[in-house]
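Each remark here refers to the structure printed beneath this line.
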Amino acid sequence: MNASVYAQRRARLASQLGRDGIAIIPTAPQQPRNRDSDFLYRHDSYFYYLSGFTEPNAWLVITGDGRSTLFCAPKDLEREIWDGIRLGPEAAPAALGVDAALTVNELDTQLPRLLENKSTVWFPFAIHAGLEARVAGWLHSVRARVRFGVLCPEQQHDLCSILDEMRLIKDAHEQDIMRRAARISAGGHLRAMRLSARMLREGREVREFHLDAELMHEFRLQGSQAQAYGSIVAAGDNACVLHYRADTAPVRDGQLVLIDAGCELDGYASDITRTFPANGRFSGPQRALYDLVLASQDAAVAATRAGARFTDPHEATVKVLAQGMLDLGLLDAGKVGSLDDVIANRSYFQFYMHRTGHWLGMDVHDCGSYVEPSEVGATSARRDPLSGETIVNRPSRILRPGMVLTIEPGIYVRAAPGVPEAFHGIGIRIEDDAIVTDTGCELISRDVPVRADEIEAVMRA
Ligand code: GLY
Ligand code: MN
Ligand code: MN
């Protein structure tokens, strides 16, 4: 572990708390699954960002003078026999670079002390159930001592407002992990594609869970700790269910398979979608829609660079998709009008109903404002053509080098009157992960091919 990375982040945070500020950051609790089994433990992302520490039952306190104190589980031989080795407060300063470490059992006695004579207390709002009440309890203890001349913090601020901005720009250490995570995920997608074609060639029954297992196998084989989110492995028209999860449905010769899956590596997510023909060969209608989605992704990639707005790739995607829907007869120009009408009235929404991307980082839908901070006041109102609601627009975020986002256009054709039958049940998404650079973006997930010919070639191999 590179303790200095975390020390630098703590120092950057401390410098924004104000001299008499104090920040309190708990990690995540263990989550019970059923009876006495817990879900696989996952630390809190903010806590990890500042500590690199993955044990549960820990808190970090950082003060405006730059001092950091960790509260962690005490050494306990008996518990460690059952649950695993604990770092313990004695070893923590050397291992993590914090200034002091105490056992978490001392939290309620120490926090009032640390809060004394501070002006502002910062903690993540609306993330940890019960944290507000916990802070209130500590402040109550501080207040009980004001008659001895102690000052009690007067302000509470949302720590996320600082940390989200920091996390939005990924440093070199983070970019390196994210490249590796994406490479591992790409390997999983490749294996799943190949397994599908091979099993069908051999006349074996393929089900969604076979491909899901192949992804997971590759993720773990390459050292990833977990999936970044539940994998979507959707055969045939299951792909039109946006939040479908890998299940038991058969994967049939002639169908498309949509896989949206990414591993988590050292606390960082990857998020890749590929759509491929189960047997390794696209049919005509499948290929027509696939090439359209890919062309829309190419347009979005070209629109992703420092200085552009976050919404630019989405707008570029929509333009290409909407034109394609008209050209392929998914939309009837006689009914919906010109390309401009389709965009203005959002007629494309029937087949493309999600945004083209999101921030990616420690969380798959990572933190960070989508509004440009210096322009939050520049509001304008517009009426949504589909819902009729009035929507307050604020200028979209300006992309900067080191931001990481997904680029994930799609098209989902449910059977409906007037929709050409050849396209019924086809769902396609293509999703890549991009690091914004000065001149464009670096696609870090392209170790799995994306062009239709290349997908067919790797599935033949
Ligand atoms: N896998 C979640 C997403 O693509 O947003
Ligand atoms: Mn995504
Ligand atoms: Mn995804």
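Worth pointing out:
- On the stretch given as segment 397-454, residues that are of a type in the set (A, V, I, L, M) and either under 20 Å from the mean Cα position of the chain (by Cα) or under 28 Å from Asp363 (Cβ atoms) (or both) total 16.
- Per-region count, segment 252-266, residues away from ligand 2 (no atom under 13 Å from the Cβ), buried (at least 20 other Cβ atoms within 10 Å of the Cβ) and in contact (Cβ under 8 Å) with a residue 40 or more places away in the chain: 5
- Qualifying residue in segment 206-222 (condition: away from ligand 2 (no atom under 16 Å from the Cβ), in a loop (DSSP other than H, G, I, E, B) and under 30 Å from Arg414 (Cβ atoms)): yes
- The set of residues in segment 404-451 being under 24 Å from Glu165 (Cα atoms) and away from ligand 1 (no atom under 16 Å from the Cβ) consists of Ile435, Val436, Thr437, Asp438, Thr439, Gly440, Cys441, Glu442.
- Taking every residue in segment 160-180 that is in contact (Cβ under 8 Å) with a residue 12 or more places away in the chain and pairing it with any residue that is among the polar types (S, T, N, Q) and surrounded by 19 or more Cβ atoms within 10 Å (Cβ to Cβ), at least 6 positions away or on another chain, the pairs with Cβ-Cβ distances below 8 Å are Arg167/Ser45; Met178/Ser270.
- Within segment 432-446, the set of residues being within 16 Å of ligand 3 (Cβ to nearest atom), part of a loop (DSSP other than H, G, I, E, B) and either surrounded by fewer than 16 Cβ atoms within 10 Å (Cβ to Cβ) or not β-branched (Val, Ile, Thr) (or both) comprises Ser445, Arg446.
Matching residues to (1) closer than 29 Å to His365 by Cβ; (2) of a type outside the set (A, V, I, L, M, F, W, C):
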{"site": "Val251", "(1), (2)": "yes, no"}
{"site": "Gly254", "(1), (2)": "no, yes"}
{"site": "Leu258", "(1), (2)": "yes, no"}
{"site": "Gly267", "(1), (2)": "yes, yes"}
{"site": "Ser270", "(1), (2)": "yes, yes"}
{"site": "Gly284", "(1), (2)": "no, yes"}
{"site": "Ala288", "(1), (2)": "no, no"}
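- Residue list for segment 393-417, filter: closer than 30 Å to Ala288 by Cβ and surrounded by fewer than 15 Cβ atoms within 10 Å (Cβ to Cβ): Ala415, Ala416, Pro417
- Within this structure, Leu242 passes the test of being of a type outside the set (D, E, K, R) and touching a Phe, Trp or Tyr at 6+ places or on another chain (Cβ under 8 Å).
- Of Val121, Val61, Val142, Val98, all but one fail to be at pLDDT 95 or above, surrounded by 18 or more Cβ atoms within 10 Å (Cβ to Cβ), among the β-branched types (Val, Ile, Thr) and in a helix (DSSP H, G or I); the exception is Val142.
- Total residues in segment 355-372, condition closer than 16 Å to Glu174 by Cβ and within 14 Å of ligand 1 (Cβ to nearest atom): 6
- Restricting attention to segment 101-118, the residues being in a helix (DSSP H, G or I), more than 15 Å from His157 (Cα to Cα) and either of a type outside the set (Asp, Glu) or in contact (Cβ under 8 Å) with a residue 60 or more places away in the chain (or both) number 9.
- Taking every residue in segment 402-418 that is touching a residue at least 12 places away in the same chain (Cβ under 8 Å) and charged (D, E, K, R) and pairing it with any residue that is away from ligand 3 (no atom under 16 Å from the Cβ) and outside any strand (DSSP E or B), at least 6 positions away or on another chain, the pairs with Cβ-Cβ distances below 8 Å are Arg414/Asp237; Arg414/His424; Arg414/Gly425.
- Residue list for segment 225-251, restricted to those being more than 16 Å from ligand 3 (Cβ to nearest atom), surrounded by fewer than 23 Cβ atoms within 10 Å (Cβ to Cβ) and part of a strand (DSSP E or B): Pro250
- Residue match in segment 315-332 (condition: buried (at least 19 other Cβ atoms within 10 Å of the Cβ) and within 16 Å of ligand 3 (Cβ to nearest atom)): yes
- Verdict on Arg183 being modelled with pLDDT under 95 and either in a loop (DSSP other than H, G, I, E, B) or not β-branched (Val, Ile, Thr) (or both): no
- Flag if Ser51 is within 29 Å of Asp366 (Cα to Cα), free of Cβ contacts under 8 Å to residues at least 40 places away in the same chain and among the hydroxyl-bearing types (Ser, Thr, Tyr): no
To keep it simple, each residue is scored yes or no on (1) in contact with a Phe, Trp or Tyr (Cβ under 9 Å, 6 or more places away or on another chain); (2) closer than 30 Å to Gln286 by Cα; (3) of a type outside the set (Asp, Glu).
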residue	(1), (2), (3)
Val301	no, yes, yes
Arg305	no, no, yes
His314	no, yes, yes
Gly329	yes, yes, yes
Ser338	no, yes, yes
Ala378	no, no, yes
Leu405	yes, yes, yes
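The values are calculated or read from the model by the stated rules, or taken from the named source; none is laboratory data. Predicted model, so just to flag it, every value in this text is computed and none were measured. Here Cβ is always computed from backbone atoms with ideal geometry, including for glycine, and neighbour counts include all displayed protein chains.
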